[in-house]
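Heads up: the structure comes next, in structure tokens.
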Amino acid sequence: MDFDLSHYLFIGYEMVTVLVPFLLALALRARAQREEGNSLTVFRGMFLLLFGCYICGVFYFTGVSTIYDLFYYGLEIRGEQLNLIPFSHKVDVTDYLLNILLLMPLGFFLPVLWRCFRRFWRTLLAGFGFSLFIELSQLLNVRYTDVDDLIMNTLGAVLGYVCGIAFLQLIPVKKQAASGREAFFYIGVMFLGRFLLYNPMGLAKMLYGF
């Protein structure tokens, strides 16, 4: 099998635009907590790093839009990009399962890292909102936006929440952040990094000269 260096360059480029802003935000947050006498624990730091890598993976697999998509595709929303009627087409079990699995880690991480998400409805809304954000973002880069994906993603977040609560029963986490605003802050920083810095067409032009 041939080694395609350009493929890994694109993946590495995307990871840098997402993870570097996240690591900077994490470092600044850890420094602020340390000055407050509330140092970041090894357990929490490890889980936050896993959370950041997971969000990076979600952005990669779902192909959320960037500012450069607006230049390439414009703001036109095409009818064939949308499906707003639940379960109106042939059931694809594999696709449904993948969409459930996609957001299960989110439902797991939220209650483990942030105490406020131990309330079921907050994790439910967070999963729904995150999925909706991804689906709406895909309208800008001519990807398919499907209400079925939204439903399955939300179900995945709920199942992940159940796993997270079970995990907390087995391994109680003594030090959790009370507010969930930190979670949205990290997600927002990672999205903005990718949205503003990831230009695959620009890299393609540099590599292939077109």
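The values are calculated or read from the model by the stated rules, or taken from the named source; none is laboratory data. Small disclaimer: the values here were computed from a predicted structure and weren't measured. So basically every Cβ, Gly included, is an ideal-geometry build from the backbone, and we count neighbours across all protein chains shown.
For the range 1-111, the helices (runs of 4 or more DSSP H) that sit wholly inside it and include 2 or more residues that are farther than 29 Å from Gly180 by Cα and not hydrophobic (A, V, I, L, M, F, W, C) are 5-35, 67-73.
Looking at Leu125, Leu150, just one residue is among the aliphatic types (A, V, I, L, M), within 21 Å of Ile100 (Cα to Cα) and surrounded by fewer than 16 Cβ atoms within 10 Å (Cβ to Cβ), and that residue is Leu125. Residue pairs whose Cβ atoms lie under 6 Å apart, separated by 6 or more positions or on different chains, with the first residue in the range 115-133 and under 12 Å from Gly164 (Cβ atoms) and at pLDDT 95 or above and the second of a type outside the set (A, V, I, L, M) and not in a helix (DSSP H, G or I), are Phe117/Gly180.
Only one of the listed residues (Leu168, Leu159) is over 16 Å from Leu113 (Cα atoms) and touching a residue at least 12 places away in the same chain (Cβ under 8 Å). That residue is Leu159.
For the residues Arg44, Arg34, the requirement of being more than 25 Å from Phe133 (Cα to Cα), in contact with a helix residue (DSSP H, G or I) (Cβ under 9 Å, 6 or more places away or on another chain) and modelled with pLDDT of 80 or more singles out Arg44. Here Lys205 meets each of (1) touching a helix residue (DSSP H, G or I) at 6+ places or on another chain (Cβ under 9 Å); (2) closer than 30 Å to Asp69 by Cα with one exception, condition (1).
Taken over the range 134-190, the residue count meeting the criterion of being among the hydroxyl-bearing types (Ser, Thr, Tyr) and at pLDDT 90 or above is 3.
Taking the criterion of being surrounded by fewer than 16 Cβ atoms within 10 Å (Cβ to Cβ) and more than 16 Å from Trp114 (Cα to Cα), the residues of the range 15-49 that qualify are Val16, Val20, Leu23, Leu24, Ala27, Leu28, Arg31, Ala32, Arg34, Glu35, Glu36, Gly37. Might you check whether a residue that is hydrophobic (A, V, I, L, M, F, W, C), closer than 13 Å to Asp149 by Cβ, surrounded by 12 or more Cβ atoms within 10 Å (Cβ to Cβ) and touching a Ser or Thr at 6+ places or on another chain (Cβ under 8 Å) occurs anywhere in the range 91-103? Yes - at least one qualifying residue is present in the range 91-103.
Looking only at the range 84-93, decide whether some residue is over 26 Å from Tyr13 (Cβ atoms) and modelled with pLDDT of 90 or more. Within the range 84-93 (the criterion being over 26 Å from Tyr13 (Cβ atoms) and modelled with pLDDT of 90 or more), the answer is yes, since at least one residue qualifies.
Tell me, which residue of the range 126-184 that is charged (D, E, K, R) and touching a strand residue (DSSP E or B) at 6+ places or on another chain (Cβ under 6 Å) is farthest from Gly45 (Cα to Cα)? My answer is Asp146. Within the set Leu9, Leu26, Leu19, Leu48, the sole residue that is among the hydrophobic types (A, V, I, L, M, F, W, C), more than 18 Å from Phe184 (Cβ to Cβ) and touching a residue at least 40 places away in the same chain (Cβ under 8 Å) turns out to be Leu9.
Results for (1) among the hydrophobic types (A, V, I, L, M, F, W, C); (2) more than 19 Å from Tyr186 (Cα to Cα), shown as yes or no for each residue.
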residue: Gln33; (1), (2): no, no
residue: Phe61; (1), (2): yes, no
residue: His89; (1), (2): no, yes
residue: Leu113; (1), (2): yes, no
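With respect to being of a type in the set (Val, Ile, Thr) and over 14 Å from the mean Cα position of the chain (by Cα), Ile55 falls outside the description. For Gly52, the conditions (1) among the small types (Gly, Ala, Ser); (2) farther than 20 Å from Leu139 by Cβ; (3) surrounded by fewer than 14 Cβ atoms within 10 Å (Cβ to Cβ) are fulfilled apart from (3).
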